[in-house]
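J.: Okay, here's the structure, questions in a sec.
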Amino acid sequence: MEGTSDSQDPLVIQDLADAPQAHDNSGSDVSDCHKSTETLSLNPEAGSPVESPPPLPPEPKVPNNMSSLKHEPPTTASGTNDLNESQEDVGSTVIEENMQGWEGNSEKKLSDNDLGRTSYPKKLVSSCKCCQVLMRKHYDLPENPTRTEALKYAFTCPPHGRVGDLLIWIIAGLAAWGCLISITGDKALPGGNFFSLIVLYIMAILGGEAVQLLGLPSLLGSLLVGIFFRSIPGLDVIGSNIDFQWSAALRGIALVIILIRAGLGLDPVALRKLSFTVVRLAFCPCIMETVSTAVAAWLLLGLPWSWGFMLGFILAAVSPAVVVPSLLKLGEEGYGVDKGIPTLVIAAASIDDVLAISGFSVMLGLTFAEGSPTWTILKGPIEIFVGIMYGVILGVLCWYIPYREKKNRPLYKLLLLFVLGCLALFGSQKAALESAGAIAVLTVAFVAGLGWRKPETEDPEVEDYYKSIWAYVMPLMFSLIGSEINVVAINPDTIGWGLLMLLICLTLRVITSFFVVMGGEFNIWERLFIAIAWLPKATVQAAIGSKALDHVRLTNGSAEDITRGEQVVTLAVMVILVTAPIGAAAIKLTGPKLLAKKASAQRSADDPETTV
């Protein structure tokens, strides 16, 4: 009610129930309920004049229990129910208003107390200009900030953006390191294996980010970080303290991820639409470079033929990590799309890697085969057969497991394919069937992918998951292969003859790539671009470049084989350093000049780029 004071005494409730004034006030309330413009004060001590209400009929006794009154519409002419209703309204209104007054006073006192308790930090921030600058709400970022203003805003509190993300990783990393120290002891302290791996991985990520600022592939930064931590005095403590068994196992896991991605990426429908050109481009340059490398290694470096062919398959593989992003960017800009050149090169790159890894695995098994000559001859075909059968059987099993209704089915497919791949790769080493491992991983991924392309079982998220995992695994793999290189201990003859060998073999590869795409619809400039795009090498070289050396170390091979293994690793790293930046830059520069740009932004239904 408008005339009620918040400060009235609660005892007035009883007075209103017994004193005659209560009836007058109730009449006032009744008149107020009928939207009267006159106001009435219920507090006689307020000093305001009290206006008399209009006369009312005789009133009955008011029950002691106010809650027993019920609101009922008037039924008698005497208006008894109206009076009961007005009496109830008066009592309930007064009680409610007093209750609101008490609650308001208590809330006011509570808020004052809370304000008193929380005002000190606020007063501190408001009185300290340094604190005001640090708080984000006290800093107004301009609409077009300069780099200094943006950097200043990035470090305001509470943490946010990249600074906040960095703090998350720092806190989580320190906590994980503390747990690792608690579990492994000295191995996680400076000088231990785990500590060296952690430092190498963090620096590999930072090195990759730094190199990307220069427009180069991030894998080069990770590779250089590994070389620095093995070759520079003082920093070589990190590289030399890494256990070679851990290094080999981690690089093996990275190889499994590469092989699974390659197997899932082989689409037979797309390959049929690209006709026989993609097969020629994948096989002919790879075989030509492998043979020429084996001959050059025998003549220039004195390597046996088996080692020469192992080196040839290692160096012949094209790097999807360099080629695919560059070609996709050109395709987005419309260059070469009309004739499907980006799709042709990307699809051929996958087959090229499969051929190189499979050939290397066979030669690795033949090189270190033990037993009779008959077993040495039969071991290669037997290992290929075992790998294919393993992949086919378990790949078909993946069509039905996990079942269609399974919740989070893509995650289970990811896990199942990964463990089957790791079992194939590492289990084949224990079974002395080294060649079967890589072939089995490729086959199981390819066969599983065939079944997963059906509409009811299609889960494209699986490939996306492996792509995300590869982004985290790649820095570690390239830094580990780089940590195998000690620049100081490299024989200068290996560098000199190795560069000459690379020059000869790469020249033959470019010429072969130029001629194998003849006879199609490509002009001379497009064929030249395809040959240039077939140069970059990195991923496969980092994955299998040290496999022979790892095998020699694990089997306690001879010192001569260890030297040969180190030569192979050195040449694998050298070809990455030479071809990856040159190839990426060449694709970026020559693509817009040698390829025709698609005239219309709208692609047709029979566009070779879209049909694939």
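The values are calculated or read from the model by the stated rules, or taken from the named source; none is laboratory data. For clarity, every value in this text was computed on a predicted model and none was experimentally measured. Because the Cβ atoms are built from the backbone with ideal geometry, glycine has one as well, and the counts that use them run over all protein chains shown. Side chains included, ligands, DNA and RNA excluded: accessible areas come from the protein's heavy atoms. Shrake-Rupley method; radii C 1.70, N 1.55, O 1.52, S 1.80 Å.
J.: For each pair in K407/K467; K406/K467; K467/K588; K152/K597; K537/K597; K137/K407, compute the distance between the two Cα atoms and list the pairs where it is over 32 Å.
T.: Among K407/K467; K406/K467; K467/K588; K152/K597; K537/K597; K137/K407, the Cα-Cα distance tops 32 Å for K152/K597; K137/K407.
J.: Quick one: accessible surface of I504, probe radius 1.4 Å, all protein chains present, in square angstrom to the nearest 10.
T.: 80 Å²
J.: Also, I was wondering about something else. What distance in nm lies between label points placed 7 Å from Cα along the C-beta direction at I232 and T457?
T.: 5.1 nm
J.: Counting only the heavy atoms of the protein chains, how much of K598 is accessible to a 1.4 Å probe, in Å² to the nearest 10?
T.: The accessible area of K598 comes to roughly 40 Å².
J.: Rounded to the nearest whole Å², what accessible area per residue is found for region 462-510 with the 1.4 Å probe?
T.: 47 Å²
J.: Counting Lys and Arg as +1 and Asp and Glu as -1, each charge on the Cβ, what is the dipole of region 352-458 about the Cα centre in debye, to the nearest 20?
T.: 500 debye
J.: For the pair F385 and A489, what calculated FRET efficiency results from E = 1/(1 + (r/R0)^6), where r is the Cβ-Cβ distance and R0 = 35 Å, to the nearest 0.05?
T.: About 0.30, to the nearest 0.05.
J.: May I ask you to give the solvent-accessible area per residue for region 239-362, in square angstrom, as obtained with a 1.4 angstrom probe?
T.: Value returned for region 239-362: 33 Å² of accessible area per residue.
J.: By its C-alpha gyration tensor, with a ≥ b ≥ c as the square roots of the eigenvalues, how is region 257-412 shaped: rounded for a/c under 1.5, else prolate for a/b larger than b/c, else oblate?
T.: Taking the square roots of the gyration eigenvalues as a ≥ b ≥ c, region 257-412 is oblate.
J.: Which shape class, rounded, prolate or oblate, goes with region 413-551 when its Cα gyration tensor gives a ≥ b ≥ c as root eigenvalues, a/c under 1.5 marks rounded, and past that a/b bigger than b/c marks prolate?
T.: oblate
J.: Give me the accessible area of E333, 1.4 Å probe, in Å² rounded to the nearest 10.
T.: Its accessible surface works out to 80 Å², give or take rounding.
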